[in-house]
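Trainee: After the structure tokens below, expect a handful of questions from me.
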Amino acid sequence: MTEKKPFYITTPIYYPSAKLHIGHAYCTTIADSIARFHRLIGEDVFFLTGSDEHGQKIQQKAEEAGVTPIEYVDKIVAGFQNLWKRLNISNDDFIRTTQKRHERVVQEIFNRIYAKGDIYKGSYKGLYCTPCESYWTEHQLDENGCCPDCHRPVQEVSEEAYFFKMSKYADRVLQYIEDHPDFIQPVSRRNEMINFIKQGLDDLCISRTSFDWGIPVPIDLKHVIYVWFDALTNYLTPIGFLDDPEKFQKYWPADLHLVGKEIVRFHTIIWPCILMALDLPLPKKVYGHGWLIVDGDKMSKSKGNVVDPNGLIDEFGADAIRYFLLREINLGQDGNFSRDALIQRINSDLANDLGNLLHRTLNMTIKFQDGVLLAPEGESEVDKSLKADAKETVDFFKKNMQDMQLSATIKKVWAFISRANKYIDETTPWALAKDSEKKQELANVMYNLAESLRVISVLISPFMPVTAERIWKQLNLPQAFKDVQIEDIESWGGVPAGLKVGEPEQLFPRIEVEKEEAEKPAKKAKQEKAAKQKKTEKKEEVPGVIGIEDFGKVALRVAEVVAAEPVPKADKLLKLQLSLGEGQPQRQVVSGIAKFYQPDELVGKHVVLVVNLKPAKLRGVVSEGMILAASDGKGLKVLEVNMPAGTEVR
Ligand code: MSP
């Protein structure tokens with residue numbers, strides 16, 4: 001037997017400073033679907049998630065709660081594990097940084113790098129953001145002198161500390177990033193990191209003495225190890241770094257560290273420097289996904305808009321939430337969560353498209369053929385086209401899931417579901433059933449529908465594992481669902497002839513929107529209260545002056561104009577095609593600049609695009625965003641930026 005190809009995938013380890021929200025669930029769900037896909041194609045997957053339990057913030061939280069740090073985190077981490085179980089996350093291990101196995105790894109790594117001469121003792125004077133557990137220099141702070149990531153105040157700290165010689169590795173890391181275009185994705189993040197390193201890397205302070213909730217520095221017990229140094233090494237602990245060389249050899253380097261966009265820097269600069277100091281290979285890929293916002297706003301406790309995934313699972317079930325998150329958001333970009341959009345997707349895609357296909361197929365098989373799927377013979381043109389579409393969908397799935405195009409893959413699978421529904425309308429089995437001469441034709445149609453559903457259940461299994469298995473069971477397929485591999489759907493005809501299907505069971509009940517509305521008053525009242533409060537706050541503000549959070553709502557990106565043409569019968573308008581970088585869908589924007597530019601002049605320009613503007617139609621042409629321009633009433637110039645397409649503008 002040939003050895004299975006290993007695939008090691010990780011999520012960030014989450015801080016147990018508070019309960020997890022829907023944004024965290026988003027990240028873990030992505031990782032889970034990718035892990036499930038790699039198992040489906042026969043790889044030996046190791047999928048790791050966990051909790052990052054040390055640091056000053058946790059110590060402060062525990063003090064506020066009047067409990068010890070370990071009591072504090074134990075309770076919250078139990079909640080993490082319960083959430084992952086409820087969301088059907090298939091992780092192979094769960095690492096807690098407070099576990100002994102991890103403490104040993106961190107201390108050993110410290111010792112090895114110290115022995116090599118890459119850790120030295122010095123004194124640290126600088127600025128620290130406790131919520132982000134990040135050190136900053138004066139020039140890195142935002143315009144208000146606050147943390148550039150979370151915009152909260154930083155504290156001055158001054159203490160004796162150990163430093164890691166990161167500066168020594170700066171050139172090598174830069175070289176590595178430049179030589180390995182796939183290492184950091186999406187490409188916009190890669191460019192950010194290259195620019196960051198080019199500004200020079202300081203040595204990193206990796207120990208603290210002002211609090212004690214951390215792993216002790218093995219050679220100097222009054223210090224604890226900096227929480228990010230401790231956290232990043234979590235990726236080595238469960239795969240046998242210290243105790244199982246064979247396992248370690250198999251899974252390291254990791255195939256994919258999936259992380260949120262704001263922690264790409266830690267994973268692609270600090271982490272590679274640590275690995276280089278240990279003479280270990282670097283991970284093959286770090287992917288920085290975008291952030292989930294809620295109803296257009298960043299989630300925050302103070303706004304009261306933090307969405308608890310547990311509540312959603314209670315109401316709609318895990319698979320519906322998973323489907324929504326993976327379908328609705330393009331992986332590298334920020335995306336919006338809204339309850340209304342979720343309900344709409346459940347009703348149209350799940351209850352209607354998928355639910356109806358299964359229901360109609362089983363019902364008709366029971367009604368017209370006593371529930372038995374008969375052997376097909378011959379094929380019509382429609383049958384042929386259905387089978388060709390199935391094959392094309394399976395091929396698309398294999399290629400695009402490798403490339404982490406989850407949303408595009410789901411859309412393609414749903415196109416096939418619609419196609420199968422259309423096949424019912426085209427073949428009209430109810431009419432065939434009335435004609436005794438069309439028995440074989442009817443048998444073929446029912447067989448092809450069941451076979452389509454068999455294929456669909458496998459294709460949706462990375463995204464909606466429970467629904468996939470429910471479909472499989474309702475079809476009554478003899479093969480155990482857990483043993484299914486991609487090869488099982490690569491050729492047509494896996495449903496055994498003579499199979500008696502099971503009873504149809506509803507997959508997703510429709511959510512009655514009116515009922516939903518009626519149950520909303522409590523939620524509405526809460527929203528109104530929040531809006532009122534916002535208004536009062538606004539009154540106290542200087543007219544015309546906006547807060548950083550208002551500005552933060554506008555998402556700006558550098559975009560390259562790849563094509564431009566006039567809009568017919570509109571002398572002021574040009575239709576532009578804009579690229580947001582490799583792998584990102586192009587945007588079409590209609591812009592009122594025709595009086596100032598010839599279309600060709602614009603091609604190749606790097607302009608600034610508002611990417612989260614609601615699409616609109618101008619003279620019947622869809623416009624998905626707006627580009628920025630400066631105008632004095634007479635002349636006009638579009639804003640140009642010498643940065644790669646996709647780069648965020650802040
Ligand atoms: N503990 C560190 C990670 C250490 S990994 C060696 C940490 N923890 S965190 O709990 O603050 O964040 C964990 C992950 O959740 C990050 O990747 C972050 O981007 C992600 N998210 C937090 N809020 C999010 C959204 N609103 N949307 C999507 N992901 C978000 O950072």
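Trainee: Cα axis of helix 56-65 to longest principal axis of the chain: angle in degrees, 0 to 90, nearest 10?
Mentor: Compared with the principal axis, the helix lies near 80 degrees.
Trainee: In nm, to one decimal, how far is the ILE41 label point from the ASP244 one, both placed 7 Å along Cα→Cβ?
Mentor: Those two pseudo-labels are separated by 2.5 nm.
Trainee: What's the FRET efficiency of LYS168 with VAL554 using the Cβ-Cβ distance as r and R₀ = 25 Å, to the nearest 0.05?
Mentor: With a Förster radius of 25 Å, E is 0.05.
Trainee: Check the straight Cα-Cα distances from LYS75 and name the lysines below 19 Å, setting aside those fewer than 8 residues away within the same chain.
Mentor: Qualifying lysines at Cα under 19 Å: LYS19, LYS57, LYS61, LYS85, LYS100.
Trainee: Measure nothing fancy, just the Cα-based angle from helix 69-86's long axis to the longest principal axis of the chain, in degrees from 0 to 90, nearest 10.
Mentor: Taking Cα atoms only, the helix is inclined about 20 degrees.
Trainee: Mind running the shape call on the range 365-500? Use the C-alpha gyration tensor, a ≥ b ≥ c as the square roots of the eigenvalues: rounded below 1.5 for a/c, prolate if a/b tops b/c, oblate otherwise. Each step should come with its number before you reach the end.
Mentor: On the way: a/c = 2.17, a/b = 1.57, b/c = 1.38.
Here the range 365-500 falls in the prolate category.
Trainee: A further question on this structure: Give LYS121/LYS222; LYS125/LYS301; LYS5/LYS387 a once-over and call out the pairs whose C-alpha atoms are over 21 Å from each other. Write out the running numbers ahead of the final one.
Mentor: Working: LYS121/LYS222 13 Å; LYS125/LYS301 32 Å; LYS5/LYS387 30 Å.
Cα-Cα > 21 Å for LYS125/LYS301; LYS5/LYS387; rest within.
Trainee: In whole Å, what are the Cα extents of the range 97-162 along the three principal axes, biggest one first?
Mentor: So the three principal-axis extents are 40, 27, 16 Å.
Trainee: Just for the chain, what percent of DSSP beta bridges are antiparallel, to the closest 5?
Mentor: 70 percent
Trainee: Separate question: Using the heavy atoms of the protein chains alone and a 1.4 angstrom probe, what is the accessible area of the chain per residue in square angstrom?
Mentor: 47 Å²
Trainee: Moving on. For the chain, what is the charge dipole size about the Cα centre, in debye to the nearest 20, if Lys and Arg each add +1 at the Cβ and Asp and Glu each add -1 at the Cβ?
Mentor: My answer is approximately 1160 debye.
Trainee: Can you give the angle from 0 to 90° between the axis of helix 521-539 and the longest principal axis of the chain, with both taken from C-alpha atoms, to the nearest 10?
Mentor: Roughly 40 degrees between the two axes.
Trainee: Please name which of LEU578, ILE460, ASN400 has its Cα lying farthest along the dipole of the chain towards the positive end, using unit charges on Cβ (Lys, Arg +1; Asp, Glu -1) and the Cα centre as origin.
Mentor: Most positive-ward Cα: LEU578.
Trainee: Applying 1/(1 + (r/R0)^6) with R0 = 41 Å to the Cβ-Cβ distance of GLN344 and LYS4, what FRET efficiency is obtained, to the nearest 0.05?
Mentor: On the way: r = 40 Å, r/R0 = 0.98.
Efficiency, rounded to the nearest 0.05: 0.50.
Trainee: Further, regarding this structure: What FRET efficiency comes out for the pair THR209/ASP179, r = Cβ-Cβ distance, R0 = 25 Å, nearest 0.05?
Mentor: 0.05
Trainee: Dipole of the range 27-159, Cα-centred, from +1 at each Lys and Arg C-beta and -1 at each Asp and Glu C-beta, to the nearest 20 debye?
Mentor: 440 debye
Trainee: Simple spin-label model, 7 Å along Cα-to-Cβ: SER631 to ALA616 in nm?
Mentor: The answer from the label model is 1.2 nm.
Trainee: Then there is this: For the chain, what D do you get in µm² per second when you plug the Kirkwood radius from alpha-carbon pairs into Stokes-Einstein at 37 °C and 0.692 mPa s?
Mentor: Details: Rh = 27.8 Å.
Answer, rounded: 118 µm²/s.
Trainee: How much of the accessible area of the chain, probe 1.4 Å, is carbon plus sulfur, in whole percent?
Mentor: After summing per-atom areas, the C and S share lands at 51 percent.
Trainee: Same structure again: Which ³J(HN,Hα) values in Hz, rounded to whole numbers, follow from the phi angles of the range 481-486 under the Karplus curve 6.51 cos²θ - 1.76 cosθ + 1.60, where θ = phi - 60° and Gly and Pro get x?
Mentor: After applying 6.51 cos²θ - 1.76 cosθ + 1.60, I find 4, 5, 8, 5, 10, 4 Hz.
Trainee: Could you give the length gained on full extension between GLU503 and HIS151, defined as 0.36 nm per residue of separation minus the Cα-Cα distance, in nm?
Mentor: 121.1 nm
Trainee: How much of the pair distance distribution for the range 549-648 lies past 19 Å, counting alpha-carbon pairs only, in percent?
Mentor: 39 percent
Trainee: If I model a spin label as a point 7 Å beyond the Cα along the Cα-Cβ vector, how far apart are those points for ASN336 and GLU379 in nm?
Mentor: 4.3 nm
Trainee: With +1 assigned to the C-beta of every Lys and Arg and -1 to the C-beta of every Asp and Glu, and no other charges, what is the dipole magnitude of the range 549-648 about the Cα centre in debye, to the nearest 20?
Mentor: 460 debye
Trainee: If you average the alpha carbon positions of the range 79-115 and of the range 381-436, how far apart do those two centres end up, in angstrom?
Mentor: 42 Å
Trainee: Go through LYS575/LYS634; LYS398/LYS605; LYS168/LYS198; LYS4/LYS500 and tell me which ones have a Cα-Cα distance over 24 Å in this structure.
Mentor: LYS398/LYS605; LYS4/LYS500
The values are calculated or read from the model by the stated rules, or taken from the named source; none is laboratory data. Keep in mind it's a predicted model, so treat the numbers as computed, not measured. Please note: Cβ atoms are built from the backbone with ideal geometry, for glycine as well, and neighbour counts cover all protein chains shown. Note: accessible area is taken over every heavy atom of the protein model, side chains too, but ligands, DNA and RNA are not part of it. Shrake-Rupley method; radii C 1.70, N 1.55, O 1.52, S 1.80 Å.
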